[in-house]
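Student: Structure in structure tokens, see below.
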Amino acid sequence: MKITDLKCAVIGGSPMVRVTTDEGISGLGQAESPKHYLKPHVLFYKPYILGEDPTNVERVMLKIRRLGGFKPWGSAVSAIEMALWDIAGKASGLPVYKLLGGKVRDQVRAYNGGVRFEMRGATPQDYAEDMSKMKASKEGFSIIKSSIGFHSQMPARVPNFSYAELRPGAPHPYRGLLTERGLKHVIACIEAMKSVLGDEVGLALDCGPGWMVPDAIRLAKAVEPLNVMWLEDLITGDYTPYTLADVYREVTRSTTTPIHTGEQIYLRQNFKELIEKHAVNIIGPDPADVGGIAELKWVAEYADLHGILIAPHGIFDGLIGLAALVQVCATLPQNFIAFECPAPKPAWWYDIVEGLPETIVKNGLIDVWDRPGLGVDINAEKARPYLAEEDKGFFD
Ligand SMILES: [Mg+2]
């Protein structure tokens, strides 16, 4: 089998990758939805993979893996890798999880990072009300993640929150020391959310990046009695092209509150220091940024050898990304906690993707499906109205 084409179309704001072959089998991959600019980057890899056998996934990846980087520049490589696994599965008549060594669980746990409601403000009361709505959501999630600190509206909406100047604009612009009032506000909001969740539902917190070490340690120690699931991306994180493992280690060694990072990191090599230094307790690679499905599994196995847990990121990965997460998470060792459930928008995504269960998340769990490849496909006829003029040939 030979690769005959690599295509990219932005559908509903989401960059979709399609790899076609000379045997009529094609594969799909998806990058994070905010990356509408990715199409030329995806097509950059086309000359490197044309003519290759897509079922030798690793051999193809050796040609393009070095030509990527931390988020957003590992996304195209990651989406291509997903599409190769999709083809390899379809060609063999097996679900991707079988090709990764087989599943170790029949259901995978997903956590709520995307079922969201409009918040009136950023007070403890607002956070408590928001948490009540999320706790009641029909998916029955057993872990809910909320945004606080520099990963939230707090710097803009809470007076005297930080000594840093307000810096709106690019993703996650803030970095600096919090005021005492700012830190107390964050802690009060976490307490308010925990008062709603009790010990029935786990609370994870996306915090940054941009925290200073003394604040990060103060926060982590202050919430120790609350048993939160994790504090995410305090130091580095989303759209940060480095990890600062030593700085993370200083925070992690100072507290019993689990410390989490990793959604923007590309490749196993860039997790090496975080893992070997035990710089965090939990890592959160995203299959659509880390370099793909098999790369995520490798990182998970290596983390497990070091007593580090994994809770993969995925909020913007869409329904093809969801399929990739389900397939790989079914195979991860027992350091797997849960993955962040993608929440695709617009809602018509659910109409154009076939192969998903009628109800995707039940009691916070997703049944692992057994169809070949990723097990989901886009219905070309239903998707065509959403294609831009320049992408009309995407399904040809
Ligand atoms: Mg995050």
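Student: Looking at this structure, is residue 110 closer than 19 Å to residue 329 by Cα and not assigned by TED's automatic domain parsing to the domain that holds residue 295?
Tutor: no
Student: Here's a follow-up. For residue 170, which of the numbered conditions (1) at pLDDT below 95; (2) at positive phi fails to hold?
Tutor: (2) is the only condition that residue 170 fails.
Student: Another question, if that's okay. For the range 154-174, give me each residue that is under 25 Å from residue 125 (Cα atoms), surrounded by 13 or more Cβ atoms within 10 Å (Cβ to Cβ), in contact with a helix residue (DSSP H, G or I) (Cβ under 9 Å, 6 or more places away or on another chain) and not hydrophobic (A, V, I, L, M, F, W, C).
Tutor: 155, 162, 172, 174
Student: Next up: Considering only the range 4-24, how many residues are closer than 12 Å to residue 87 by Cβ and not in a strand (DSSP E or B)?
Tutor: So the count comes out to 3.
Student: Just need a number here: residues in the range 314-351 that are of a type in the set (D, E, K, R) and in a loop (DSSP other than H, G, I, E, B). Even if it seems obvious, please write down each step before you answer.
Tutor: First, pick out the residues of the range 314-351 that are of a type in the set (D, E, K, R): 317, 340, 345, 351.
Okay, now just the ones that are also in a loop (DSSP other than H, G, I, E, B), so 317, 345.
The number of residues fulfilling the criteria is 2.
Student: Being of a type outside the set (A, V, I, L, M) and within 15 Å of residue 307 (Cα to Cα) is true for just one of 268, 253. Which residue is that?
Tutor: It is 253.
Student: Of the numbered conditions (1) closer than 22 Å to residue 55 by Cβ; (2) in contact with a strand residue (DSSP E or B) (Cβ under 9 Å, 6 or more places away or on another chain), residue 332 fails exactly one; give the number of that condition.
Tutor: (1)
Student: Right, another one. Of all helices (runs of 4 or more DSSP H) completely enclosed by the range 66-184, which ones contain at least 1 residues that are away from the ligand (no atom under 16 Å from the Cβ) and polar (S, T, N, Q)?
Tutor: 75-92, 124-135
Student: Kindly establish whether residue 226 is in contact with a strand residue (DSSP E or B) (Cβ under 7 Å, 6 or more places away or on another chain), in the same structural domain as residue 265 (by TED's automatic domain parsing) and farther than 16 Å from residue 248 by Cα. Working first, answer last.
Tutor: On the way: in contact with a strand residue (DSSP E or B) (Cβ under 7 Å, 6 or more places away or on another chain): no; in the same structural domain as residue 265 (by TED's automatic domain parsing): yes; farther than 16 Å from residue 248 by Cα: yes.
Spelling it out, it is not the case that residue 226 is in contact with a strand residue (DSSP E or B) (Cβ under 7 Å, 6 or more places away or on another chain), in the same structural domain as residue 265 (by TED's automatic domain parsing) and farther than 16 Å from residue 248 by Cα.
Student: Which ones in the range 214-236 are within 15 Å of the ligand (Cβ to nearest atom), among the β-branched types (Val, Ile, Thr) and closer than 23 Å to residue 200 by Cα?
Tutor: Passing the criteria: only 228.
Student: When both residues are 6+ apart or on different chains and their Cβ atoms are under 7 Å apart, which pairs have a first residue that lies in the range 113-134 and is touching a residue at least 24 places away in the same chain (Cβ under 8 Å) and in the same structural domain as residue 191 (by TED's automatic domain parsing), and a second that is in a helix (DSSP H, G or I) and of a type in the set (S, T, N, Q)?
Tutor: Short answer, once both residue conditions are applied: 128/195.
Student: Residue by residue through the range 198-234, note down the ones that are touching a Lys or Arg at 6+ places or on another chain (Cβ under 6 Å) and in a helix (DSSP H, G or I).
Tutor: The answer is 226, and nothing else.
Student: Tell me which residues, restricted to the range 264-320, are within 16 Å of residue 69 (Cα to Cα), within 15 Å of the ligand (Cβ to nearest atom) and not hydrophobic (A, V, I, L, M, F, W, C).
Tutor: 264, 285, 286, 287, 289
Student: Of the conditions (1) crowded, with 24+ Cβ neighbours inside 10 Å; (2) within 13 Å of the ligand (Cβ to nearest atom); (3) not charged (D, E, K, R), residue 239 fails just one. Which one is it?
Tutor: Checking residue 239 against (1) crowded, with 24+ Cβ neighbours inside 10 Å; (2) within 13 Å of the ligand (Cβ to nearest atom); (3) not charged (D, E, K, R), the one that fails is (1).
The values are calculated or read from the model by the stated rules, or taken from the named source; none is laboratory data. Given the structure is predicted, the values throughout are model-derived calculations rather than measurements. When we count neighbours, we look across all protein chains shown, and the Cβ atoms used for this are built from the backbone with ideal geometry, even at glycine.
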